[in-house]
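Peer 1: I am attaching a structure below and will ask some questions about it afterwards.
The values are calculated or read from the model by the stated rules, or taken from the named source; none is laboratory data. This is a predicted model, so every value here is computed, not measured. Please note: Cβ atoms are built from the backbone with ideal geometry, for glycine as well, and neighbour counts cover all protein chains shown. Just the protein is used for accessible areas: all its heavy atoms, side chains included, with ligands, DNA and RNA removed. Shrake-Rupley method; radii C 1.70, N 1.55, O 1.52, S 1.80 Å.
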Amino acid sequence: MKKDAVAYLNTKRKEDFAAQIAEFDDFCKYRFRVVEIFHDHRAYATPPEKRKGFSGMFDYCATNNCRDIIIYDLAGLAKDPDAGLAALKSLNELYTVYCVHNDFFGFLDDPEQRRAAIADFLEYMEHYRENARKIAPVSSKKAKKDSGRPIGRPKALTEGQVQALITLRQAGTSISQICRMFDVSRSTVSKVLADYPELKGEWKGTRQEPGDEQA
């Protein structure tokens, strides 16, 4: 039996809406009946909680006791990764969230385990961010006089940072966003992704098939 759910889309281009709706229909075919669609357009840089469509979705779910929310993908929630993770946390505390595109949480048929998996991911990312704040960057001996910014190669990422980077990339986060989040260059990110060719380059949204995984 299909469950009632609401859908949320955050589009950048006019043609994105029709393309995403088609993917929503395919994703929901056997599991969900979409009772309401909420949509924000060109609001990528605006925090989710300040968007009309996103806020309307929260109000609708609370009023109509709708427990399931379907988004297009995690990376599309917000331009700033921290804002996107904060929005996911708010949603996960009250509802079961599903991603049409690039879903790596699993447990599509078990809401409790799915929410637990998302909560574990958010906790991991929070620990990473806290540790990153505590570690002071190593400054180069030579620095720019005006800005005081270190010159030379970026500091190496820790093993935990590398795993967090890969996880965010698998979620669809762009390389540009990852560079800002970890304060590293594109070449550093490319080196980390050298063993993950399906994750290199600009994100194209290609779903990885089980047989394509690295051994």
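Peer 1: Take the conditions surrounded by 10 or more Cβ atoms within 10 Å (Cβ to Cβ), among the charged types (D, E, K, R) and at pLDDT below 75 and apply them to Arg153. Does it pass?
Peer 2: Spelling it out, Arg153 is indeed surrounded by 10 or more Cβ atoms within 10 Å (Cβ to Cβ), among the charged types (D, E, K, R) and at pLDDT below 75.
Peer 1: Which pairs have Cβ atoms under 7 Å, sit 6 or more apart or on different chains, and link a residue in segment 162-176 that is on the phi > 0 side of the Ramachandran plot and assigned to a helix (DSSP H, G or I) to one that is β-branched (Val, Ile, Thr) and crowded, with 16+ Cβ neighbours inside 10 Å?
Peer 2: Every condition considered, no pair remains.
Peer 1: Scan segment 49-60 residue by residue and report those that are in contact (Cβ under 8 Å) with a residue 40 or more places away in the chain and more than 22 Å from Glu15 (Cβ to Cβ).
Peer 2: Of everything in segment 49-60, those that are in contact (Cβ under 8 Å) with a residue 40 or more places away in the chain and more than 22 Å from Glu15 (Cβ to Cβ) turn out to be Glu49, Met57, Tyr60.
Peer 1: Follow-up question, since we're still on this one. Surrounded by 17 or more Cβ atoms within 10 Å (Cβ to Cβ), farther than 18 Å from Lys50 by Cβ, of a type outside the set (Phe, Trp, Tyr) and in contact with a Cys (Cβ under 8 Å, 6 or more places away or on another chain): is that true of Leu74 in this structure?
Peer 2: It is true that Leu74 is surrounded by 17 or more Cβ atoms within 10 Å (Cβ to Cβ), farther than 18 Å from Lys50 by Cβ, of a type outside the set (Phe, Trp, Tyr) and in contact with a Cys (Cβ under 8 Å, 6 or more places away or on another chain).
Peer 1: While we're here: Identify the single condition in (1) under 20 Å from the mean Cα position of the chain (by Cα); (2) open to solvent by 20 Å² or more (accessible area, probe 1.4 Å) that Leu9 does not satisfy, given that it satisfies every other one.
Peer 2: If we test Leu9 against (1) under 20 Å from the mean Cα position of the chain (by Cα); (2) open to solvent by 20 Å² or more (accessible area, probe 1.4 Å), just (2) comes out false.
Peer 1: If Leu9 passes every condition in (1) closer than 13 Å to Asp73 by Cβ; (2) assigned to a loop (DSSP other than H, G, I, E, B) but one, which one does it miss?
Peer 2: Unmet condition: (2).
Peer 1: Hey, can you tell me all the residues within segment 27-42 that are touching a residue at least 40 places away in the same chain (Cβ under 8 Å) and either among the aliphatic types (A, V, I, L, M) or open to solvent by 20 Å² or more (accessible area, probe 1.4 Å) (or both)?
Peer 2: Answer for segment 27-42, where residues must be touching a residue at least 40 places away in the same chain (Cβ under 8 Å) and either among the aliphatic types (A, V, I, L, M) or open to solvent by 20 Å² or more (accessible area, probe 1.4 Å) (or both): Phe27, Arg31.
Peer 1: Provide a single number: the residues in segment 78-102 that are part of a loop (DSSP other than H, G, I, E, B) and either without any contact (Cβ under 8 Å) to a residue 12 or more places away in the chain or open to solvent by 50 Å² or more (accessible area, probe 1.4 Å) (or both).
Peer 2: Looking only at that region, the number is 2.
Peer 1: Something else: Just a yes or no: is a residue in segment 51-61 closer than 29 Å to Cys179 by Cβ and either among the aliphatic types (A, V, I, L, M) or surrounded by fewer than 19 Cβ atoms within 10 Å (Cβ to Cβ) (or both)?
Peer 2: Yes.
Peer 1: Given the criterion acidic (Asp, Glu) and modelled with pLDDT of 95 or more, identify the matching residue among Glu23, Glu36.
Peer 2: Only one candidate qualifies: Glu36.
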